Amino acid sequence: MTQTGTAVDAPPSAEGGAAPKRPATEDRRQKWRSRRYRWDAKFSPYAFISPFFLFFAAFGLFPLLYTAWASLHRVELTAPTDMEWAGLHNYTRLFEDHFFWNSLWVTFTLAVLSTVPQLLMAMGLAHLLNYKMRGSSFFRVAMLAPYATSVAAATLVFAMLYGRDYGLINWFLGLFGVDEIDWKSGDWTSKIAISTIVIWRWTGYNTLIYLAAMQAVPHDLYESAALDGASRWKQFRYVTIPSLRPTILFTVVVSTIGSVQLFGEPLLFEEGAGASGGPDHQFQTLGLYLYEQGWRNLHLGRAAAIAWVMFLILVVIGIVFGLISRRLRKS
C-alpha cells in the first residue's frame, strides 16, 4: 500500500483488499464542518432577531422596570437617585386626587368621541373604495396623507380653524346664524374639537386596513347574495361586516390604546395652556397629567405611578377584547 499526499491507496475491496481509510485530519475537518453547520442552523435565527430584543431590553424593559421601582418611592426629577421608600403611597394618593379622576374621565370621553365616528367613517370609505372606480389608487394613497402629517402641524392648523374670533369653523357656522363658539374654553366643545383632529389623522389609516380586509372576502359570497336578491346594503350588512369582525376588533383595540395615550393634540391645542389642559383642565388627558406631575411639578415617583396605572388600564382593555375575540371565534 502506497500513500500519495493525504490520499490513501488500497486494493479494491472486490479484490479482497481493505477499504481506503481516510486520514484523521480529514475526519476532524468534516466533524468540525458538521458541528458548525448544526450551530449555524440552531443559533443563526436567534442572532438575526437579537438586535430587536437588545433594543427592547434597553429602551422598553428597563424603563418599565425602573418606572415600577420609582413609583414605589418618593423621588423628584431634580434628584432621581435620591429615593425614599413610600410603598403604595403614590398609588393611593392618585385615587384621592380629583385631577387624576378628571383626566381619566377626559381620556375615555375623548376615546369614545374620536374612536366611534372614526371607525364608522373608515368602514364607509373602505366600502366605497372597494368598488371599481376611476382614480382608486390616487384616493387610496391620499387616505394616508393625514396619517403622514405630523401631530404638531395638524394640531396647529385645527387650532386656527377652531379660533373664536377668526376661525373658519365659526365663520361657517355664522352663515347659518350660529353665534361664535369659544371652542377652546368650553368643556364639550374643546373635547369635540380635539376629537376631530384625531379623527382626521387616523380615519384614512383605518380605511386602508378595512379595505385590505374587504378585498380578502371571497367574491362567491357576494355572488350568492346577489343571486338571492340581496341589495348592496344587505350585502354590506350580512356579508361584509360579519367577515370583518376580527379586523374591526383589531382596529377598536388599536384605536382605544391610542386614545388612552393621547398627548400631542391636547398639549398643542391651546397656546399657553401647556399640560394643564385648559383653564378648567377640561381637556387634560392622562398623558398630560403624567407630564404635568413629572416635568412641571417634578414629582417623578407620582408620574411613574400614573404611567403604571395607564399600563394596567391598557392590560385590562387587552384582556377584555381578548375575551370578546374568543367569544366571536366560538360563535
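Can you tell me which residue is least open to solvent (accessible area, probe 1.4 Å) among those in region 183-240 that are within 30 Å of L268 (Cα to Cα) and charged (D, E, K, R)? Result: K191. Look at (1) under 16 Å from the mean Cα position of the chain (by Cα); (2) modelled with pLDDT under 90 and you find that M310 fails only one, number (2).
Here's the yes/no breakdown for (1) open to solvent by less than 100 Å² (accessible area, probe 1.4 Å); (2) under 17 Å from L290 (Cβ atoms); (3) modelled with pLDDT under 90:
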| site | (1), (2), (3) |
| --- | --- |
| F55 | no, no, no |
| L65 | no, no, no |
| S71 | yes, yes, no |
| T78 | no, no, yes |
| M83 | yes, no, yes |
| N90 | yes, yes, no |
| W101 | no, yes, no |
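Of all residues in region 240-265, count the ones that are among the aromatic types (F, W, Y) and either farther than 29 Å from H219 by Cβ or assigned to a loop (DSSP other than H, G, I, E, B) (or both). Residues in region 240-265 being among the aromatic types (F, W, Y) and either farther than 29 Å from H219 by Cβ or assigned to a loop (DSSP other than H, G, I, E, B) (or both): 1 in total.
Taking the criterion of being open to solvent by 40 Å² or more (accessible area, probe 1.4 Å), under 30 Å from L129 (Cβ atoms) and either of a type outside the set (A, V, I, L, M, F, W, C) or outside any helix (DSSP H, G or I) (or both), would at least one residue in region 160-173 satisfy it? No, that holds for no residue.
Among the residues of region 159-179, are any hydrophobic (A, V, I, L, M, F, W, C), at negative phi and in contact (Cβ under 8 Å) with a residue 60 or more places away in the chain? Yes, region 159-179 contains at least one residue that is hydrophobic (A, V, I, L, M, F, W, C), at negative phi and in contact (Cβ under 8 Å) with a residue 60 or more places away in the chain. Could you list, in sequence order, all residues of region 174-211 that are assigned to a helix (DSSP H, G or I), touching a helix residue (DSSP H, G or I) at 6+ places or on another chain (Cβ under 9 Å) and either among the β-branched types (V, I, T) or under 16 Å from M160 (Cβ atoms) (or both)? If the condition is that a residue be assigned to a helix (DSSP H, G or I), touching a helix residue (DSSP H, G or I) at 6+ places or on another chain (Cβ under 9 Å) and either among the β-branched types (V, I, T) or under 16 Å from M160 (Cβ atoms) (or both), then S190, I192, A193, I194, T196, I197, V198, I199, W200, T203, T207, I209 are the ones that fit. Taking region 114-139 as the range and being open to solvent by 70 Å² or more (accessible area, probe 1.4 Å) and more than 30 Å from W188 (Cβ to Cβ) as the test, the residues that pass are L128, Y131, K132, M133, R134, S137, F138, F139. For R201, the requirement of being farther than 25 Å from V316 by Cα, at pLDDT 90 or above and among the basic types (K, R) is met. Would you confirm whether or not region 83-96 contains a residue that is within 30 Å of G204 (Cα to Cα) and free of Cβ contacts under 8 Å to residues at least 40 places away in the same chain? No, region 83-96 contains no residue that is within 30 Å of G204 (Cα to Cα) and free of Cβ contacts under 8 Å to residues at least 40 places away in the same chain. Candidates A111, A58: the one that is of a type in the set (G, A, S), in a helix (DSSP H, G or I) and closer than 30 Å to W188 by Cα is A111. Take the conditions among the charged types (D, E, K, R), open to solvent by less than 30 Å² (accessible area, probe 1.4 Å) and either free of Cβ contacts under 8 Å to residues at least 24 places away in the same chain or touching a helix residue (DSSP H, G or I) at 6+ places or on another chain (Cβ under 8 Å) (or both) and apply them to E270. Does it pass? So E270 does not fit the description; no. With the condition kept exactly as written, say whether any residue in region 119-127 is free of Cβ contacts under 8 Å to residues at least 60 places away in the same chain and under 17 Å from V217 (Cβ atoms). Yes - at least one qualifying residue is present in region 119-127.
Residues of region 119-159 that are part of a loop (DSSP other than H, G, I, E, B), of a type outside the set (A, V, I, L, M, F, W, C) and touching a Leu at 6+ places or on another chain (Cβ under 9 Å): N130 alone. Residues in region 316-327: is at least one of a type outside the set (F, W, Y) and buried (at least 22 other Cβ atoms within 10 Å of the Cβ)? Within region 316-327, not a single residue is of a type outside the set (F, W, Y) and buried (at least 22 other Cβ atoms within 10 Å of the Cβ).
The values are calculated or read from the model by the stated rules, or taken from the named source; none is laboratory data. It should be emphasised that the depicted structure is a prediction, and the values quoted were computed from it without experimental measurement. All Cβ positions, glycine included, derive from the backbone under ideal geometry; neighbour counts span all protein chains shown. Surface areas here come from the heavy atoms of the whole protein model, side chains and all, with no ligands, DNA or RNA. Shrake-Rupley method; radii C 1.70, N 1.55, O 1.52, S 1.80 Å.
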